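Below is one structure; the comments refer to it alone.
The values are calculated or read from the model by the stated rules, or taken from the named source; none is laboratory data. Just so it is clear, the structure is predicted and the values come from calculations on it, not from any experiment. Positions of Cβ are backbone-derived with ideal geometry, glycine not excepted, and every protein chain shown enters the neighbour counts. We work out accessible area using only protein heavy atoms, side chains counted, and drop any ligands, DNA or RNA first. Shrake-Rupley method; radii C 1.70, N 1.55, O 1.52, S 1.80 Å.
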Amino acid sequence: MEKTHRLRWAEMRPSERRDAAVSFIGQVLKWAFVGAMCIFTLYPVIYTLLGSFKTNAELTLGGGILPEKWQIENYIYAFQKLEFGKYTLNSVVLALLTALFTVTTASMAAYIIARREFPGKKLLTTSYLLSMFISVGSVALYPLYGLLHAVGLTSNMVGLALLLTGGQAANIFMVSGFVRSVPKELDEAATIDGAGTFRIFWQIIVPAIKPILGVIALFAFRTAWNEFVTAQVFTMSNPGLKTLSVAVANLRYSANAAAEWHIMTAGASIALIPILIVYLLANRQFITGLTAGAVKG
């Protein structure tokens, strides 16, 4: 095989050799970049997972990446003493509710914007477009909390999920692009058969835009799962509703903060596992949605 390559190289013209060398160097640089990005991406995850089985002394004093002795007790302590099981369940409920609200509201709003004409439509779409470039941040947390408290939604996860759902300008514009790609002749045929607006939406539009709905559901789940500031503020008055990210972060401020780093890494590992599982299960839907969106533009 090596002899064949040498003969082929010897038979090449100088310009062909130069092009082949440039192509080879390009391939090496490309894979070197991909490998470096994989290392930078995976190293913190691996370090956290392995660190969750170390003692606090190993984490604070450094040492090898592998634990000297695997400390399963870190997880037992986190679940039994710190109630991480309850906080994990809170995070799961919050993430699922947020994903459900996101998919429902974004798909309905996108359907109306893409398929229906109504007074003020242009003003509404322009306002949505402008809101994509405005971020009020933590300034709006107090009035939002007061609003949810007034309607009695601060004692459960529904209020926080509605808050994290937000206006969804970007989601609505993405989904509306998919809705426009569905032939209007299907709507007209369904209308002739006696189907109403909701039936057309549910039986024709939703099945046709499932890929993008899966994408925004995954993004919404990830955002709600990793949310800290908003969840921290809205669970201060009801500690039983704390999410896992809030519970893990609060270990830094506990009375035993110096002895909690190993528990923090265990909690961070618990927080990593569900989102990785969700991504692995939804990976095909995610890639399909992004690819279809790129083609449909």
Subject >> Rule-of-thumb Rg ratio for the range 67-127 [Cα; 2.2 N^0.38 Å; N residues] >> reply: 2.15
Subject >> Cβ-defined net charge surrounding Ile200, 9 Å radius [Lys, Arg +1; Asp, Glu -1] >> reply: +1
Original post:
Projected area of the range 153-235, taken from the Cα convex hull and averaged over every viewing direction, in nm²?
Top reply: 6.7 nm²
Original post:
When the helix-only estimate is applied to the chain (DSSP H runs of n ≥ 4, each -39,500 (n - 2.57), divided by the residue count), what is the mean residue ellipticity at 222 nm, nearest 500 deg cm²/dmol?
Top reply: -23500 deg cm²/dmol
Original post:
Based on the Cβ-Cβ distance from Leu129 to Tyr47, what FRET efficiency comes out when R0 is 45 Å, to the nearest 0.05?
Top reply: 0.65
Subject >> Glu68 paired with Leu147, simple spin-label distance in nm, labels 7 Å along Cα-to-beta-carbon >> reply: 5.4 nm
Original post:
What do you get when you divide the Cα radius of gyration of the range 31-156 by 2.2 N^0.38 Å, with N the number of residues?
Top reply: 1.69
**OP:** May I ask which of Lys54/Lys242; Lys121/Lys242; Lys30/Lys54 have a Cα-Cα span longer than 30 Å here?
**Re:** Lys121/Lys242; Lys30/Lys54
Original post:
Percent of accessible area on the chain owned by carbon and sulfur, 1.4 Å probe?
Top reply: 68 percent
Subject >> As computed over the chain, the Cα convex hull volume per residue (Å³) >> reply: 252 Å³
Original post:
In angstroms, what radius of gyration and Dmax does the range 168-208 have, counting Cα atoms only?
Top reply: 11.1, 34
Original post:
For Glu227, Glu83, what's the largest-to-smallest order of accessible area, 1.4 Å probe?
Top reply: Glu83, Glu227
**OP:** Subtract the Cα-Cα distance of Gln203 and Phe24 from 0.36 nm times their separation in residues, and report this length gain in nm to one decimal.
**Re:** 59.3 nm
Original post:
So which lysines pass the test for Lys210, namely a Cα distance under 20 Å, with those fewer than 8 places away in the same chain ruled out?
Top reply: Lys184, Lys296
**OP:** Please give the per residue accessible area of the chain, computed with a probe of 1.4 Å over protein heavy atoms only, in Å².
**Re:** 61 Å²
